[in-house]
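Written below as structure tokens is the structure these notes are about.
Computed from the coordinates by the stated procedures, all read-outs in this text should not be read as laboratory data. Not measured: the values here are computed from a predicted model. With ideal geometry, Cβ positions are generated from the backbone for all residues, glycine too; neighbour counts draw on all protein chains shown.
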Amino acid sequence: SIYLDYQATTPLDPRVFTVMQPYFTRVFGNPASRGHDYGREAAEAVNGAREAVARMIGGSPLGLVFTSGATEANNLALKGLFEQHRDRARHFVSCRTEHPAVLDVLAHLVERGAEVTWLEPDRSGHIDPDELRRAIRPDTLAVSLMYANNETGVVHDVAAIGAITRDAGVFFHCDATQAAGKLPLDVGETGIDLLTFSGHKIYGPKGIGALYAGRSRPRVRLVSQMHGGGHERGFRSGTLNVPAIVGLAAALDLAENEREREAALLKKQREALLHRLRAADVAFQINGDPVAGLPGCLNLRFVGVDGAALQQAVPRLAFSRGSACSSAVPTPSKVLLAMGLGAIEAGESLRLSLGRFTSDAEVETAAELLIEAVCRLRDAPDHAAT
Ligand code: PLP
């Protein structure tokens with residue numbers, strides 16, 4: 001089968017695996033055991049990874065907290081901020097196109113007294129900077145807006161958001177899980193105060209991610225969400241996952257080195273796929289912004305063809321119809337609904353995401369299979385019922 005679900009997760013790059021291997025067996029020490037070489041060697045590996053990751057995102061190693069993934073990093077960022085500052089400010093600004101790892105945390109905080117203003121995205125998934133400016137109030141604590149969307153690949157103008165939040169003196173939390181390693185990322189240049197990302201979206205291991213909570217004004221202070229031995233400067237207790245931390249740094253390094261070349265290739269493949277679909281004249285629409293969006297991501301709606309039926313009709317293609325985290329529940333994508341699509345339109349949509357190991361031949365075959373299945377489903381006698 002053909003894997004077209006790189007935004008759900010990616011395979012571990014064999015080069016990353018090679019870098020990680022010694023840390024499962026030979027260098028097994030606990031980095032907190034500073035009293036002997038086993039521990040010191042592990043601690044050195046973690047320090048090296050921390051410095052490398054910080055350098056790549058334009059931040060200081062002191063601001064980096066390793067977590068179990070972006071979900072945990074988002075929890076720590078938003079709950080940590082709220083618990084620290086709730087007496088002074090408890091209002092957030094966000095958008096309903098965010099990942100559940102932000103939406104559900106904000107919903108949890110609302111039950112504890114937070115307020116959220118939801119920005120209205122337009123039909124292409126973009127937000128209006130003026131609306132953001134107007135939404136910020138004297139009691140606003142933070143703006144939480146992602147860098148690139150996991151379902152549509154829509155990219156927010158993080159530099160503009162950073163400038164607005166900086167002027168207003170509120171924190172900017174940015175979930176960059178889909179953007180890290182794929183788009184330029186510099187916390188200083190963009191004014192991001194709290195940045196989150198994950199290993200398994202960038203050909204690194206699963207179960208590792210990071211929160212960067214940098215130097216900003218006002219200074220970011222957080223309440224820890226995981227108490228114990230005081231690891232990660234007290235922000236996240238628990239013995240460090242050394243192989244995964246080393247793997248995260250190696251994966252980000254590779255992605256950064258290959259970012260521009262890979263983006264150009266993915267854009268070409270995406271164009272080729274679109275070209276084939278257009279030539280076949282299968283009526284379809286693109287959800288989001290196909291030009292400025294995340295390279296390799298394509299959210300498509302085949303008009304009149306149910307997405308679930310299409311998925312069943314092409315078992316050789318591995319793709320998603322929404323975020324992997326919510327597609328266990330068969331409801332239309334919240335992201336697409338927020339962008340103004342109706343439930344039926346959203347139900348006719350699917351996400352194809354290409355990645356590092358996608359070949360041109362796979363793209364060609366995927367296009368053929370989709371065209372064939374769409375035509376077949378449209379011709380089916382019970383089609384009118386779908
Ligand atoms: N945020 C975004 C935008 C994502 O795409 C994902 C992916 O599932 C997450 C957060 C959650 O990341 P993790 O799987 O590392 O918890």
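Observations
- Charge tally in the Cβ shell below 13 Å around Thr196, where Lys, Arg are +1 and Asp, Glu are -1, Thr196 excluded: -1
- Classified by the C-alpha gyration tensor, the range 186-232 has an oblate form. Its axis ratio a/c, with a ≥ b ≥ c, is 1.5 or above, and a/b does not exceed b/c.
- Approximate spin-label separation Glu115-His36, in nm, with each point projected 7 Å along Cα-to-Cβ: 5.7
- Contact order relative to length of the range 240-386, as percent, for alpha carbon pairs under 8 angstrom and 6 or more apart: 29
- Pairwise label distance in nanometres, Cys375 with Arg259, each label 7 Å out on the Cα-Cβ vector: 4.2
- Antiparallel %, DSSP beta bridges [both residues in the chain], to 5: 55
- The distance separating the Cα centre of the range 285-321 from that of the range 241-268 comes to 25 Å.
- Counting charges near His108 (Lys, Arg +1; Asp, Glu -1) among other residues having Cβ under 12 Å from its Cβ returns a value of -1.
- Cα gyration tensor shape of the range 259-385, rounded if a/c is under 1.5, else prolate or oblate by comparing a/b with b/c: oblate
- Cα-based shape type of the chain, given that a ≥ b ≥ c are square roots of the gyration tensor eigenvalues and the cut on a/c is 1.5: oblate
- Each part reduced to its alpha carbon centroid, the range 1-63 and the range 67-120 end up 28 Å apart.
- Between Leu248, Leu12, Leu350, the residue with the greatest mean-square fluctuation in the GNM of the chain (Cα pairs under 10 Å linked by springs) is Leu12.
- Length-normalised contact order for the chain - Cα pairs under 8 Å, 6+ apart - percent: 23
- Among the trypsin sites (Lys or Arg not before Pro) in the range 1-58, those placed in a DSSP loop whose Cβ has at most 14 other Cβ atoms within 10 Å are Arg26, Arg34.
- Taking the chain as a Gaussian network of alpha-carbon nodes connected by springs under 10 Å, the highest mean-square fluctuation of the residues Val223, Val242, Val110 belongs to Val110.
- Debye, to nearest 20: dipole size of the range 14-253, +1 on Lys, Arg Cβ, -1 on Asp, Glu Cβ: 620
- Considering helices alone, the calculated mean residue ellipticity of the chain at 222 nm is -12500 deg cm²/dmol, with DSSP H runs of length four and up weighted by -39500 (n - 2.57) and normalised per residue.
- Pairwise label distance in nanometres, Asp122 with Thr18, each label 7 Å out on the Cα-Cβ vector: 4.7
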